[in-house]
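Here's the structure we're looking at; comments come further down.
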Amino acid sequence: GDSVTQTEGQVTVSESKSLIINCTYSATSIAYPNLFWYVRYPGEGLQLLLKVITAGQKGSSRGFEATYNKETTSFHLQKASVQESDSAVYYCALRRNNNNRIFFGDGTQLVVKP
Amino acid sequence: EAAVTQSPRSKVAVTGGKVTLSCHQTNNHDYMYWYRQDTGHGLRLIHYSYVADSTEKGDIPDGYKASRPSQENFSLILELASLSQTAVYFCASSEKGVGNTLYFGEGSRLIVV
């Protein structure tokens, strides 16, 4: 079936350092799903960070980037220089584009140390 | 501003009792969803709805019913609550179409004792 895998439960990075949060997907029901990153900041609800609906394209928002790589079935989230305010839980998600069912990874807690 | 609101935000229920979680959206979206999240895990889809008066089963529908009486309202019903249904429940809405964003409520924390 369709699934999303985030291998790290928590990532700790010092402020101003670079970040990568890994996400791989399996989409057995459809070749090219839509891919998303959602984020939950402390005390806030889950919200969209960025999305890419076309394989090979890159999405970006708030300094974060993710490239939809269909060869490696990956959608890793990257940022060149993190800030303390980026501390949050990040969820990778997959949506079949033939219906509205969305599958979430288990989330990665990002802790940015000052 | 568009919003998804859930009630109650927190509830303690007795095993075997009935629980109703309510969701109201002002986004004018056609699609609504109920997800469940267990500690340390991602969200899993319980039920969803494309249109009022119609609901669909998600990935983990057993033990749950859903009701969509209007475009704005979507309820999740636990007829006989069990300990294993202790979790945080999230409602979301979205427009139809490719790549559309989910807009989430704040979540409802349910503890079954």
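The values are calculated or read from the model by the stated rules, or taken from the named source; none is laboratory data. Keep in mind that this is a model prediction, so the values were computed, not measured. We place every Cβ from the backbone using ideal geometry, glycine too, and count neighbours over all the protein chains shown. These accessible areas exclude ligands, DNA and RNA; they are computed on the full protein's heavy atoms, side chains included. Shrake-Rupley method; radii C 1.70, N 1.55, O 1.52, S 1.80 Å.
Report, by residue number, each residue of the stretch A:4-22 that is within 11 Å of another protein chain (Cβ to nearest Cβ) and of a type outside the set (Gly, Ala, Ser).
Once the filter is applied, which keeps residues that are within 11 Å of another protein chain (Cβ to nearest Cβ) and of a type outside the set (Gly, Ala, Ser), the stretch A:4-22 yields A:4, A:5, A:6, A:10.
I need the full set of residues from the stretch B:71-113 which are more than 14 Å from chain A (Cβ to nearest Cβ), closer than 27 Å to residue B:14 by Cα and not in a strand (DSSP E or B), in order please.
B:79, B:80, B:81, B:82, B:83, B:84, B:85, B:86, B:113, listed by residue number.
Go through (1) over 20 Å from residue A:94 (Cα atoms); (2) outside any loop (DSSP other than H, G, I, E, B) for residue B:28 and report which single condition fails.
(2)
I'm checking my understanding of the structure. Among residues of the stretch A:53-80 that are modelled with pLDDT of 95 or more, of a type in the set (A, V, I, L, M, F, W, C) and buried (at least 17 other Cβ atoms within 10 Å of the Cβ), which one is nearest to residue A:4 (Cα to Cα)?
A:75
Determine which member of the set B:101, B:15, B:39 is farther than 20 Å from residue A:89 by Cβ and either open to solvent by 50 Å² or more (accessible area, probe 1.4 Å) or more than 14 Å from the chain's Cα centre (by Cα) (or both).
B:15
If I ask for residues that are free of Cβ contacts under 8 Å to residues at least 60 places away in the same chain and open to solvent by 70 Å² or more (accessible area, probe 1.4 Å), which ones from the stretch A:7-30 would you list?
Within the stretch A:7-30, A:7, A:20, A:28 qualify.
Name, by its number, the condition in (1) closer than 24 Å to residue B:46 by Cβ; (2) touching a strand residue (DSSP E or B) at 6+ places or on another chain (Cβ under 7 Å); (3) crowded, with 18+ Cβ neighbours inside 10 Å; (4) not small (Gly, Ala, Ser) that does not hold for residue A:101.
Going through (1) closer than 24 Å to residue B:46 by Cβ; (2) touching a strand residue (DSSP E or B) at 6+ places or on another chain (Cβ under 7 Å); (3) crowded, with 18+ Cβ neighbours inside 10 Å; (4) not small (Gly, Ala, Ser) one by one, residue A:101 breaks only (3).
Quick one: would you say residue A:94 is out of contact with any Gly (no Cβ under 6 Å at 6 or more places or on another chain), open to solvent by less than 50 Å² (accessible area, probe 1.4 Å), among the aliphatic types (A, V, I, L, M) and over 28 Å from residue A:14 (Cβ atoms)?
yes
If you scan the stretch B:57-70, which residues turn out to be buried (at least 17 other Cβ atoms within 10 Å of the Cβ) and either modelled with pLDDT under 95 or assigned to a loop (DSSP other than H, G, I, E, B) (or both)?
Across the stretch B:57-70, the qualifying residues are B:58, B:64, B:68.
Kindly state which strands (runs of 3 or more DSSP E) lie completely within the stretch A:23-114 and contain at least 3 residues that are touching a Cys at 6+ places or on another chain (Cβ under 8 Å) and of a type in the set (A, V, I, L, M, F, W, C).
Counting at least 3 such residues, we get A:34-40.
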